[in-house]
Amino acid sequence: MGKFGKWIAGGLGWALFGPIGGILGFTLGSLFEAPEFAKTKGYSATTTGSFAMTLLVLIAAVMKADGKVLKSELNFVKKYFVQSFGEDSAIEAIKMLQDILSQNIHVQSIGVQVKQNMDYSSRLQLLHLLFGVALADGKVDVSELNTIASIAGYIGISSKDFESIKSMFVADVDSAYKILGINRNASDDEVKKAYRKMAVKFHPDKVSHLGEDFQKQAKEKFQKVSEAYEQIKKERNIN
């Protein structure tokens, strides 16, 4: 069993008896002959395994958003996973994803489960990764955007944080401000304060409990915040 399978096999935990556990249990079958089934309690218990399986199920939901799943989409997702986690894990994840895609996915029920059991920083990272997958083919389609927006609501992401992460992938003239959670009318002091707040919220250390691979992905989100701040500083000649 490769890394991705081990993450999930050892990380059912809180998801075992919920919709995510049901979907992944069916998908993985004999993979769970001897996993760690201790049910976790509290947000601090989010594991690499529970995060990885949630990501797979929600990726499937985004891919099915337009009513069809193309081979090209699977290839894009595979490429994303190769870049993020390596060839072996990508192959394993895609096999699981193909099985999940054949099942009915009740996004709202899964979202409620995630909100109840996953810490907020992990949920922010989950949203960031979903946008990354949606953009894997070079654009975020309206159907994908709507599905991700629904997911964000179900898992309890604030509208301001949703707009911040969305603006990292769907650019417009105010993207830098939206990433910092402010508008163009904000004062220089408000810009500085917003940057410090978002830098803390999106710092990679916030998801260190998810393991090095997912923490590495979190650095991209943190970098976008820094880039947005530098862009605004340059526009305003802020020292």
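At least 3 residues being hydroxyl-bearing (Ser, Thr, Tyr) is the threshold, and among the helices (runs of 4 or more DSSP H) wholly inside segment 123-239 those reaching it are 142-154, 159-167. Set side by side, the residues Lys160, Lys166 differ, and just one is closer than 24 Å to Ser72 by Cα, free of Cβ contacts under 8 Å to residues at least 40 places away in the same chain and not hydrophobic (A, V, I, L, M, F, W, C), which is Lys166. Only one residue in Arg184, Arg123 is within 22 Å of Phe81 (Cβ to Cβ), at pLDDT 90 or above and among the basic types (Lys, Arg), so which one is that? On inspection, the qualifying residue turns out to be Arg123. Scanning segment 184-233 for residues that are of a type in the set (S, T, N, Q) and under 20 Å from the mean Cα position of the chain (by Cα) yields Ser208, Gln215, Gln217, Gln223, Ser226. Confirm whether Lys178 is of a type outside the set (Gly, Ala, Ser), surrounded by 19 or more Cβ atoms within 10 Å (Cβ to Cβ) and assigned by TED's automatic domain parsing to the domain that holds Gln231. It is true that Lys178 is of a type outside the set (Gly, Ala, Ser), surrounded by 19 or more Cβ atoms within 10 Å (Cβ to Cβ) and assigned by TED's automatic domain parsing to the domain that holds Gln231.
Taken as a whole, the condition of being under 13 Å from the mean Cα position of the chain (by Cα) and either surrounded by fewer than 17 Cβ atoms within 10 Å (Cβ to Cβ) or not assigned by TED's automatic domain parsing to the domain that holds Pro204 (or both) applies to Ile148.
Counting only residues that are of a type in the set (Lys, Arg) and assigned to a helix (DSSP H, G or I), which one in segment 59-115 is surrounded by the most Cβ atoms within 10 Å (Cβ to Cβ)? Going through the qualifying residues, I end up with Lys78. Within segment 227-239, residues that are surrounded by 13 or more Cβ atoms within 10 Å (Cβ to Cβ) have Cβ atoms under 6 Å from residues that are of a type in the set (Asp, Glu) and in a helix (DSSP H, G or I) in these pairs: Ile238/Asp188, counting only partners at least 6 apart in sequence or on another chain.
The values are calculated or read from the model by the stated rules, or taken from the named source; none is laboratory data. This one's a predicted model, so the numbers in the text were calculated from it and none came from an experiment. All Cβ positions, glycine included, derive from the backbone under ideal geometry; neighbour counts span all protein chains shown.
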